[in-house]
Amino acid sequence: MAVALKRYAGSIAAALLILLVGAAMLVGWHRYNRDYAVTVEEDGSALTKVIAQRFAGASSLKVSELSGTIQSTAQDVRGFGWLKSDQVVKMPFSVDYFIDVSGIDAGDLEWNERTRTLIVNAPDVKPARPNIDEGSRTLVQTNGLFVTRKAGEELSRRTSLHAQGRAEKEARSPERMAQARDYGRAALGKLLGAPLGALGYGDARVIVTFPPERANRNREQWDVTTPINEVLANRQKAR
């Protein structure tokens, strides 16, 4: 019996290996056709078409955007300290703020029937990676007695890194995060307005809280008594 099982296990492992290799080859073939092979008409001429497409549902809700102009500076020293150069750059930037709505479930929603208030304990707003539009620079000022090509490349790299870091710091500052949370409250309230109206709660008030605000929250402040899933279940039974 043990010998037979061992023989079958070896056959199954070999079959799985063949399937995995075949799947990898198929994926590789699709990627090659998508990225490198020229798609042609029946007469052999190349055509304009969408080679590959992907459509996916969004799990994050964009709630606000920070935009403006950022100034970045960098310095470079070469030639044993003799060749010094610096660069100042100004360019537009933007940062999007999102709420991961896929992380909100029934346990994060609480209902107060007396005041017709829905409490949404949402995940915190998160800023995306800043988008620095280096192609739309409004100022590039480079100073130095003699700026070599490598020095110029290094200055450009450093100003880009400095701009990225400064934009991230600004986006995560307490003031900007507070503003983003205010926009997040409005966005989630609007998002929940339609389903609440469909359930007959069009006049309901929506209160959105974020983790920093819930750290010392007095639960009695909201007088929340019933989880929203129980409310919806009871409403379905009453129909």
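Worth a mention:
- Considering residues of segment 68-87 that are farther than 17 Å from Val140 by Cα and among the aliphatic types (A, V, I, L, M) only, the residue modelled with the highest pLDDT: Val77
- Residue count for segment 87-112 under the criterion of being farther than 30 Å from His162 by Cα and in contact with a helix residue (DSSP H, G or I) (Cβ under 7 Å, 6 or more places away or on another chain): the result is 4.
- In segment 87-137, the residues that are crowded, with 18+ Cβ neighbours inside 10 Å, under 30 Å from Gln71 (Cβ atoms) and out of contact with any Phe, Trp or Tyr (no Cβ under 9 Å at 6 or more places or on another chain): Gln87, Val89, Met91, Phe93, Val95, Asp96, Phe98
The values are calculated or read from the model by the stated rules, or taken from the named source; none is laboratory data. Values in this document were obtained by computation on a predicted structure and should not be read as measured data. Virtual Cβ from ideal backbone geometry, glycine too; neighbours counted across all protein chains shown.
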